[in-house]
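Written below as structure tokens is the structure these notes are about.
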Amino acid sequence: MGWFKTHKRAAAVIGVCFLLCLLTTFSYSTAGSSTLVGRGVQKVTSVIAKPITQAATGISNFFTGVFSYDELQKENQELRDRVDELEAENLDLQLTQQELEELQGLYKAFDFEPYRAGANAVAGRVIELDLSKPYVVFTIDVGTEAGVAKDCVVVDGNGLIGKVSETGKGWSKVVSVLSDGNSISFRAVRDKTITGVVNGDGESHLEGYVIEEKMRIIKGDQLITTGVGLYPEGILIGTVDTVEYDDDRQMKVITVSPTADFEGLQKVVVFL
Amino acid sequence: MSLRRVIILFAAAYLLQLSLAPVCAIHGIMPGLILCLMMTIVFHYNGGYKCLPVAVIAALMADMAAAQYTGPGALALLLTAGLVILFRINLNTDNIFPMLVTAVCSVAFYDTLYWAILKLFGEPMGFAFMIRQCGGHILYDLAVVAVLFLIMSRKKPVQVTNDEVEVDGQGVVDPREERWYERFLPSKRAKESAE
């Protein structure tokens, strides 16, 4: 005790380190769920940070536009061409409108799909990223006020993003499929009998295995959710990068690149 | 530096860390504004370590707001501050180059420590991934630290610097005549005033 009295600063630092260790352990033991204080901090921060993020995004977009004028002109031309193509395509599609209406009527008859077209969804903007693990955990600007709840599924235009791990008024924390705690049941688009489970590797890919070892999964296979577990059926997960046979586990092990655009992630859709 | 100014600076760093930094992210790599501010203040100012309680609280709040787990960021920041203090004892605190050397080592130390804490609790993040991220962090943070240092060195009250180095009673020596490595070392008077 005498040492602590004579070295008050060192004792204070050791004490704070010890407290932070305890806090970290507690946070991990509760799987990162926030305390009352954490929720308060999150709420206040999201209110203050949101306008700053929006302003910064606006400025960033402006400068991006200024510096890539030629590129935008080229893209503009490409889009004009694409519009012409789509208008021609639209004419063809109008012919099959009647057939489409029949199919929609048939579709509504099946009432087992929780996230059918027209299901409630809300769009959110990414407002905060975790510095150490970008795109594994991030915060969006919609929360309980919009009906978002824990475990709501989050997607972008390209595929599955993840699920809501925590939510409050005006914010929701999303744990992406890149997190190792997110197990997703999949099947291949090419062959529905190829099924398995993938997990995030905590960095930028997903890893997993195929349930039936004999199934011929190949590089380039697209994977979608099966509907088993949390995620509804039919959402694109990613594309198979590598397929290897693991002698120890006696199963085919795969790595998958997510189809969702994590690096350009700005807006997401949350299924309610 | 007064406590009020320290609080304002860290509050600004905290808010910008969560709002502006993601917008400035390049391939997912963002500057650690709280870390940069802490390194600059602790290194550059005599008694700069007194900002640590505020820095730790800011880091803790950033963990609560943006990270999956609460604590690792603040813990890594506090231990990194120890390294910065070690550097400031042995280097010239008024020159930007020692500041940058300190920043490189401290950011690498912080990232390694953060990774080690996450690994200890079972996160699957690989060492190679951490090293890749660390390279980006170092470059980004160096730029931020350089800017902060230049701003702060203009605002800082006059302290003993290498401009007045007295060697063995031979009078004042022009720093330009010093050997290059001596610029990285604290001057005699700076050492004496610290003692």
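Values quoted throughout were computed directly from the atomic coordinates according to the rules given, and no laboratory measurement underlies them. Since this is a predicted model, take the numbers as computed values, not measurements. Here the Cβ positions follow ideal geometry from the backbone for every residue, glycine too, while neighbour counts run over all protein chains shown.
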> Taking the simple approach of a point 7 Å from Cα along Cα-to-Cβ for both B:ARG5 and B:ARG132, what is their distance in nm?
Replying inline: 4.2
> Toward the positive end of the charge dipole of chain A, about the Cα centre and with charges on Cβ (Lys, Arg +1; Asp, Glu -1), which of A:LEU22, A:ILE59, A:PHE138 goes farthest?
Replying inline: A:LEU22
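By per-residue mean of other Cβ atoms within 10 Å, what is the highest-first order of B:95-107, A:173-185?
Numbers: B:95-107: 19.8, A:173-185: 22.0.
The most tightly packed comes first, giving A:173-185, B:95-107.
At 0.36 nm per residue, minus the direct Cα-Cα distance, what do B:PHE121 and B:ARG154 gain on full extension? Give it in nm, one decimal, please. Could the numbers behind the result be given before it?
Numbers: separation 33, 0.36 × 33 = 11.88 nm, distance 4.31 nm.
Gain on extension, B:PHE121 to B:ARG154, equals 7.6 nm.
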> What spacing in nm lies between the two simple spin-label points modelled at A:ILE52 and A:ASP241, each 7 Å away from Cα in the Cβ direction?
Replying inline: 3.4
> Based on the Cα coordinates of chain A, what is the per residue volume of their convex hull in Å³?
Replying inline: 216
> Taking amide H positions as placed 1.01 Å from N in the peptide plane, with prolines and chain starts having none, which residues 5 or more places from A:VAL253, or on another chain, fall under 5 Å of its amide H?
Replying inline: A:GLU244, A:TYR245, A:ASP246
>> Under 5 Å between amide hydrogens, which residues at least 5 positions from A:GLY238 or on another chain qualify, with H placed 1.01 Å from N in the peptide plane?
In response: A:LEU223, A:THR259
> If you count, for each residue, the other Cβ atoms within 10 Å and average over each peptide, how do A:152-158, A:190-196, B:35-41 line up from highest to lowest?
Replying inline: B:35-41, A:152-158, A:190-196
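With a Förster radius of 51 Å, plug the Cβ-Cβ distance of A:ALA121 and B:VAL104 into 1/(1 + (r/R0)^6) and report the FRET value to the nearest 0.05. All intermediate terms of the calculation are to be shown ahead of the outcome.
On the way: r = 46 Å, r/R0 = 0.90.
Calculated transfer efficiency: 0.65.
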> Add -39500 (n - 2.57) for each DSSP H run of 4 or more in chain A, then divide by its residues: what number comes out at 222 nm, to the nearest 500 deg cm²/dmol?
Replying inline: -12500 deg cm²/dmol
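Across the residues of A:11-22, average count of Cβ atoms on other protein chains within 10 Å? Mind dumping the intermediate values first?
Details: counts 0, 2, 7, 0, 0, 6, 6, 1, 4, 15, 4, 1.
Across the residues of A:11-22, the mean count of other-chain Cβ atoms within 10 Å is 4.
Mind ordering A:136-145, A:44-53, A:14-23 by average Cβ neighbours within 10 Å, highest first? Show your work: numbers first, answer last.
Numbers: A:136-145: 22.5, A:44-53: 17.9, A:14-23: 14.9.
Listed from highest to lowest mean packing, they are A:136-145, A:44-53, A:14-23.
What is the mean number of Cβ atoms from other protein chains located within 10 Å of the Cβ atom of each residue in peptide B:121-128, rounded to a whole number? Working shown, then result.
Values: counts 5, 2, 8, 9, 7, 3, 0, 1.
What the average comes to for B:121-128 is 4.
Can you give the mean number of other chain Cβ atoms that lie within 10 Å of the Cβ atoms in peptide A:48-59?
Numbers: counts 5, 10, 1, 1, 6, 6, 2, 3, 7, 4, 1, 2.
Rounded to a whole number, the mean comes out at 4.
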> In which sequence would B:VAL6, A:VAL253 go, from the one with the fewest C-beta neighbours within 10 Å to the one with the most?
Replying inline: A:VAL253, B:VAL6
> Once the Cβ-Cβ distance between A:MET215 and A:THR25 is put in as r, and R0 is 41 Å, what FRET efficiency do you end up with, to the nearest 0.05?
Replying inline: 0.50
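Which helices of chain A meet both criteria: a Cα extent of 15 Å or more along the helical axis and a mean Kyte-Doolittle score no lower than 0.5, with helices taken as whole DSSP H segments?
Values: long enough: A:8-29 (31 Å, 1.41); A:36-67 (45 Å, 0.68); A:69-95 (39 Å, -1.40); A:97-109 (19 Å, -1.03).
What comes out of the filter, once short or polar helices are dropped, is A:8-29, A:36-67.
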> Can you tell which of A:SER165, A:SER176, A:VAL47 lies farthest toward the positive end of the dipole of chain A, using +1 and -1 charges on the Cβ of basic and acidic side chains (Lys, Arg; Asp, Glu)?
Replying inline: A:VAL47
